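The values are calculated or read from the model by the stated rules, or taken from the named source; none is laboratory data. Here the structure is a predicted model, which is why all the values come from computation and not from measurement. Here the Cβ positions follow ideal geometry from the backbone for every residue, glycine too, while neighbour counts run over all protein chains shown. Note: accessible area is taken over every heavy atom of the protein model, side chains too, but ligands, DNA and RNA are not part of it. Shrake-Rupley method; radii C 1.70, N 1.55, O 1.52, S 1.80 Å.
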Amino acid sequence: MVAELVRGQNHPLPRTRLEILISAEVPVLVAAALGDEGGRVHDGHGIAHHGTPVLPGIEVPRAAAAEHCLSADLRELSEAVHRVTVLLALPGMAARFGATAAPRATVTDADGTEIVCFTLAGLDAESAVVALELYRRQGGWKVRAVGQGYAEGLTALLADLGLSGASEMAEATHEAGRLGAARAAAPPKARPSEHGPVDYTHPGRQGPPQPQPQPQPQPQPQPQPIAGDAPGWSMEERLYNQVWGMFEDLARSTAALRSAADFAAARLDRELDEALADPRARIGGAGEAARETARAKHDELMGRAQAAHDRDLAQLTAEAEAVEPALPPAYARWDSPVWHGHRMPAELPRAVRLGDLHLPESASLRIPMLVRLPLERGLWVDSGATQAGFTDSAERRRLALEVAVALAARLLAVHPVGEFSVEVIDPAGAGAGPLGALTRTGVLTGPPSRGTAGVAQALESLTRRVDLVRMAIGGGATEALPDGFDTARRLLMVNDFPQGFDDRALTRLRFLADEGPAAGVHLLLVADRADAGEYGPLLDPLWRSLTRLTPSPDDHFADPWVGHAWTFEPSLPPQGGAVLQQVLGVVSAARIKGK
Amino acid sequence: MTVNMTKGQAISLEKKDGATLTAVRMGLGWQAAKRRGLFGSRTREIDLDASAVLFAEKQPVDVVFFRHLVSDDGSVRHTGDNLVGGVGQGGDDEAVLVDLQRVPPHVDQIVFTVNSFTGQTFQEVQNAFCRLVDETNGQELARYTLAGGGEYTAQIMAKVHRQGAGWTMTALGEPANGRTFQDLMPAILPHL
């Protein structure tokens, strides 16, 4: 995923060969200054600009243009260079950035994979600006979004970098820029808003097209919701917090409705009883009138409670419509467009969507169920009978396995290459159909383990792995792990548990459930608890330690605030599973390339 | 302008321009116990607690206090337990925030109480007060002084109740005794 930086934020650079794309609405000059540890540039040779566009390790464009591409090879830079400052300037003396749309800087690696982007919003009278800094940090390089503008222009900016003769250089640069602009003969794009207001809002935070505001009866319509409208260090974090905020708001709004309904029902009961108990009411129409009044009071209160709830729902629904299309793959539904053209991310995901949650009062409003990664608890997809009641046991098992496969595929696709691997135990080979999506694309660590011997072997190797990692962590010697130790997080998927498990294997699995998460080994069981009946209460702690997911809607999740029973629905790819195949194809291709 | 309230005085929470209040805060402040002598750490801290009880037709339906910081419906929030008090210069050490627009329709009264959890009477507490603030602009609407409150460990401070489409606040200022709001329930009921 591309990290959208805000001013002042930094980000590690995984590669040293980079391209920096600058896009602006009007032609701008781009230069790169090579500075020492203090960011000072010592002489005119430390700056790559139109006159000397190529310095060791960096190349800048020769002329002013609206679109630029700088290439950098950080390894080529001299040892004395500790900071590369990328700066933009408007060629004309009287120009100001405030009159144009905010420029945007994107850092990609040599393959064109985007690493970070930054929008230089909020500029006004400035005519020169420091866009980004690349700097050395602990043997590596990082990039920082700066966005520091200079109203006095390039001269002041260069002077700030410690350049002697800043004004001459700035003048020369401007001159070249004007010539370059004329030579390039690329007239600036027709600006639709030549004199109109310019939109400075952060383009990355605008979210998708806003839903049309609902005609609301309130005098003050609620502000339109936007995606990422929550605190957090990154867009991903903000969206995570926003989704949890919506979850809490819906829980509380529903609590208000239910509390009012309980109260109204209890009051109605009491008043009806009183009307019945009153001897005067038995004669004449007084009793009937009292009952009517009681019912009217009940309906009036419920009407108000429902109206308040509807108001909240309309707000949350509008927010969900803005948020849902903005979600990154790890949080997105399978039918979201982000999965088309999915690319392997460079960063570990913070959370993953297990499915959707809803309440009976608001069945159309689905809250994404996001859980933090790495998973603290194992997952169990229940293939047993649920209230929704699939009668066909084989169908239930197949569906449960499909849920597990979709989840494994999602986890593979949202982790960077080499950071996550999946291995499968399918003792009887019964899951070959749904598992085919994983086995055919070769994204697993190996073919699914079969039979009691296969189960024993797979668990043996994972147990040893967890033991090693625990010892290394416990001894504070993580570097003592054997050479070539694969540090990827591991998901162990077990179909038809506990088939093929002997006592020894069960003990190992329980060990993995308890100790695995801290050592990077996570469980995903597909099981019908009834199949494990012969073990009696022995396995109860195991079931309790797992997060239970169901292949069909089932209300077994309680929220942490009020404790409503929420109906869980798994996240499955749309019929046909073409998205799943395509995404797994990307995972597989990236893996081959990585090797 | 601040109104110093006296017992039983009612204040309508309508603004001067006729708009009703949307969010109010009940703030509670007191001065921490002074450290005495060499063994200062042995000084007993004073822990006052602010609570809010939500009533629907005289039946308690929810309560917000230090063990339940947000009402289930989310309309009333406690900022968190302060165990020792503050500098005693008028700042809130504990606060209960009420979003009046979000209060469920059946809730018609919210009663604010103060208890001395550590058992000191209000005579022993310096500079204790309760105040009601318009949360939208920070303006203080009413202030009630607790200090010199006699040999009591609790006070039923005030209530906000629905009146017409808006809300009204009434100062109660009823002294009582008790460690938490539960002990005060019998004393609250006559004021509903």
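For segment A:454-468, indicate whether the set of residues that are assigned to a helix (DSSP H, G or I), in contact (Cβ under 8 Å) with a residue 60 or more places away in the chain and open to solvent by 10 Å² or more (accessible area, probe 1.4 Å) is non-empty. No - not one qualifying residue is present in segment A:454-468.
Listed here are the residues, each with its yes/no results for (1) small (Gly, Ala, Ser); (2) surrounded by fewer than 19 Cβ atoms within 10 Å (Cβ to Cβ); (3) over 30 Å from A:Leu257 (Cα atoms).
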position: A:Tyr535; (1), (2), (3): no, yes, yes
position: A:Pro541; (1), (2), (3): no, yes, yes
position: A:Pro551; (1), (2), (3): no, no, no
position: A:Asp555; (1), (2), (3): no, yes, no
position: A:Pro560; (1), (2), (3): no, yes, no
position: A:Trp566; (1), (2), (3): no, no, no
position: A:Pro573; (1), (2), (3): no, no, yes
position: A:Gln581; (1), (2), (3): no, yes, yes
position: A:Ala589; (1), (2), (3): yes, yes, yes
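Given the criteria open to solvent by less than 60 Å² (accessible area, probe 1.4 Å), among the β-branched types (Val, Ile, Thr), modelled with pLDDT under 95 and not assigned by the TED database to the domain that holds A:Pro14, does A:Thr391 qualify?
no
On the basis of being over 29 Å from A:Phe247 (Cβ atoms), away from chain B (no Cβ under 14 Å) and open to solvent by 30 Å² or more (accessible area, probe 1.4 Å), does A:Glu300 make the cut? No. Considering A:Thr441, A:Thr487, A:Thr445, the condition of being touching a Leu at 6+ places or on another chain (Cβ under 6 Å) and of a type in the set (Ser, Thr, Tyr) is satisfied by A:Thr441 alone. Within segment A:555-595, the set of residues being touching a strand residue (DSSP E or B) at 6+ places or on another chain (Cβ under 6 Å) and assigned to a strand (DSSP E or B) comprises A:Asp555, A:Phe557, A:Ala565, A:Trp566, A:Thr567, A:Phe568, A:Glu569, A:Pro570.
In segment A:319-339, the residues that are part of a loop (DSSP other than H, G, I, E, B) form Cβ pairs under 7 Å with partners that are surrounded by fewer than 22 Cβ atoms within 10 Å (Cβ to Cβ) and of a type in the set (Phe, Trp, Tyr), at six or more places apart or across chains, as follows: A:Pro329/A:Trp339; A:Ala332/A:Trp339. Among the candidates A:Leu357, A:Leu365, A:Leu375, the residue that is assigned to a loop (DSSP other than H, G, I, E, B), under 21 Å from A:Thr254 (Cβ atoms), touching a strand residue (DSSP E or B) at 6+ places or on another chain (Cβ under 9 Å) and open to solvent by less than 60 Å² (accessible area, probe 1.4 Å) is uniquely A:Leu365.
Take the residues in segment B:61-73 that are away from chain A (no Cβ under 11 Å) and over 19 Å from B:Gln101 (Cβ atoms), then tell me which one is nearest to the chain's Cα centre (by Cα). Steps first, please.
Our first condition is that a residue be away from chain A (no Cβ under 11 Å); within segment B:61-73, this holds for B:63-67.
Going one step further and asking which of them are over 19 Å from B:Gln101 (Cβ atoms), we end up with B:63, B:65-67.
Numbers: B:Val63: 12, B:Phe65: 10, B:Phe66: 13, B:Arg67: 16 Å.
The extreme case among them is B:Phe65.
Starting from residues that are closer than 30 Å to A:Pro368 by Cβ and open to solvent by less than 20 Å² (accessible area, probe 1.4 Å), keep the ones in segment A:257-296 and report whichever is farthest from the other protein chains (Cβ to nearest Cβ). Among residues in segment A:257-296 that are closer than 30 Å to A:Pro368 by Cβ and open to solvent by less than 20 Å² (accessible area, probe 1.4 Å), the one farthest from the other protein chains (Cβ to nearest Cβ) is A:Leu257.
A:Arg343 fulfils the conditions (1) surrounded by fewer than 15 Cβ atoms within 10 Å (Cβ to Cβ); (2) over 27 Å from the mean Cα position of the chain (by Cα) except for a single criterion, (2).
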